[in-house]
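The values are calculated or read from the model by the stated rules, or taken from the named source; none is laboratory data. These figures come from a predicted structure and were not determined experimentally. Heads up, the Cβs are rebuilt from the backbone with ideal geometry, glycines too, and the neighbour counts pull from every protein chain shown. Protein only, heavy atoms only, side chains kept; ligands, DNA and RNA dropped before computing areas. Shrake-Rupley method; radii C 1.70, N 1.55, O 1.52, S 1.80 Å.
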Amino acid sequence: MNHPLKLHTAAGFKPVRKDSISPPAWPSYTGTSQLAGTSPGGRATIFVDPSLGAPGLKNAQDLLNDADRVAGANDALFGTTGGPVSVIVFALGGRTDGTGGADHMGCDYQTGAAIEVCAAFGNSARVSALFEAELSECSMGGNLCGASTGEALSRWCAAVIGGNALSDFATAPRWAQDGMPNYVDQTAPTDQDADSTGCGMAFLSWLMSKGYPLNKIAPAMVALGDQGTLAQVYGSLTGDVTSNAWPTFLAAQALPGGVTNDDPFGGAAQPAQLTHIPPWSMELAGKVFAAILNDIVQGKEAHQMTASVRAVLASPNSRNG
C-alpha cells in the first residue's frame, strides 16, 4: 500500500502538478515514483519512493536543491555540458543509509539518464555523491563506465564533488592488502572488481598529488576510451613514457601509514580539487587550510600534514545531515 506525502516545494520553486511529469523506466525500481520536482536549471527531475516517508522525502528535496550544483561541477570536470536526467531516491538493495549504492543503464545522457540512488536517511550528502557517481558516467561519452578505469574515475568524481561522503566505499585498501596487483598497465573489463578499482583510486590520488587535477585527468581518460590504461593517462599528462608509470607509482607506495583509504596521497586536498567542494563543505575547507597552515608553522613533514587533513575530514562534524 502506498502512503503519498504532500510535498513542500523548495524556496523559489513553482508548484509542480503530480501528473505533469511522468517517470522514466528505471533500471530496477518498479514501485511508485512520486515527483519531488525539477531543479531550477532543469538539469535533474527528482522522484522519490513515497513509502520512505519523511526521511526519504528530505533526501529527495535536498537533492533537488543540490542537483544543479552537482551537474555544473561535473561539467567543469569533464569540460562538457551534460544533458537532463531523472533520478529516483529509494531503498536500493533494501538499504536506507546510502550503502545500496546507485545505478543507471548506459554511459551517456541518452541511455543512462534514468538514475537510481539509494536513500541515506539523515545524510543527504551521500545521496548527492551517489548522484554524481552516476552522472559522471553519463559524461564519459559511451566509454569507460564498464571498465575499472571508468569506475575509479566515477568514484573520484563523487569524492571530489560529494565531499568524500562515500568514504566507506573505499577499495584502495583492499588492493593494497591483495598485494598491489598491476592494473596500471592493464585495464580490467569490469566495474565490479575491488582490486582493479582500488588500484585506479590510488593511482589517481597519486596523479592529483603530483599536481594533475581531476579536470585534466577526466577528459584524458575519456579520450583514451575503454581500452586505455592508467599508464597511458600518465603519459598523456606528464609527457613521460608510459613504461615509467607503474614503477614510479609503485615506488611512491612507501607511505608512513600505508594505504588506509582511497586517497593515500592526499590528492583531494590539492587546491584544484577543493574548488569543486559543495557549499556545505566551505567550513570544512577552512578547517583543512587552518590545519595545513598550523602544520607549516610547526615545521611538520608532508606526511604529517596529510595526516592532519585526514583527521579533519574524518571528524564527526565534517559533513552535513
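Here are some notes:
For (1) without any contact (Cβ under 8 Å) to a residue 40 or more places away in the chain; (2) open to solvent by less than 10 Å² (accessible area, probe 1.4 Å), each residue gets a yes or a no:
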residue: A170; (1), (2): no, no
residue: D178; (1), (2): yes, no
residue: Y183; (1), (2): no, no
residue: T190; (1), (2): no, no
residue: A194; (1), (2): yes, no
residue: G198; (1), (2): no, yes
residue: A202; (1), (2): no, yes
residue: G211; (1), (2): no, no
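- Applying the condition of being part of a helix (DSSP H, G or I) and in contact (Cβ under 8 Å) with a residue 12 or more places away in the chain to segment 92-113 and asking which residue is least open to solvent (accessible area, probe 1.4 Å) yields L92.
- Scope segment 39-71; condition among the hydroxyl-bearing types (S, T, Y) and crowded, with 21+ Cβ neighbours inside 10 Å; matching residues: S39, T45
- Set A152, A158, A125, A133: member being touching a Lys or Arg at 6+ places or on another chain (Cβ under 6 Å) and either part of a helix (DSSP H, G or I) or open to solvent by 10 Å² or more (accessible area, probe 1.4 Å) (or both): A125
- Subset of segment 109-136 (residues that are within 24 Å of T197 (Cβ to Cβ) and among the aromatic types (F, W, Y)): Y109, F131
- Answer residue from segment 251-274, given it is open to solvent by 70 Å² or more (accessible area, probe 1.4 Å) and modelled with pLDDT of 90 or more and is nearest to Y212 (Cα to Cα) among those: A251
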